[in-house]
């Protein structure tokens, strides 16, 4: 009955989920009508992407955290793609509101 638990080789995808929820939170706060929310969102998003890339690089260097490197880099790429497309769509729809 002594079962040895194997270490999971799956990447920690919860890192991606938490980062995307964080982006959703500040995107919702920055899209308040009558404010310069798009500029603020763009600046916060660029900082968020930079932090994710930096943590991904540091995780790749440290052997005990190497399995966490790819979810951090994936988070940065997804936040960049989703965030820039959100800003692009918001700027494109400004004249129609």
> What do you get when you divide the Cα radius of gyration of the stretch 14-91 by 2.2 N^0.38 Å, with N the number of residues?
Replying inline: 1.18
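Among 44, 51, which comes first, then next, by fewest other beta-carbon atoms within 10 Å?
Values: 44 18, 51 15.
Final ranking by Cβ density, sparse to dense: 51, 44.
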> So for 53, 25, fewest C-beta neighbours within 10 Å to most, what's the order?
Replying inline: 25, 53
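FYI, it's all coordinate maths here, none of it is from the lab. Given the structure is predicted, the values throughout are model-derived calculations rather than measurements. Cβ: placed from backbone, ideal geometry, glycine included. Neighbour counts: every protein chain shown.
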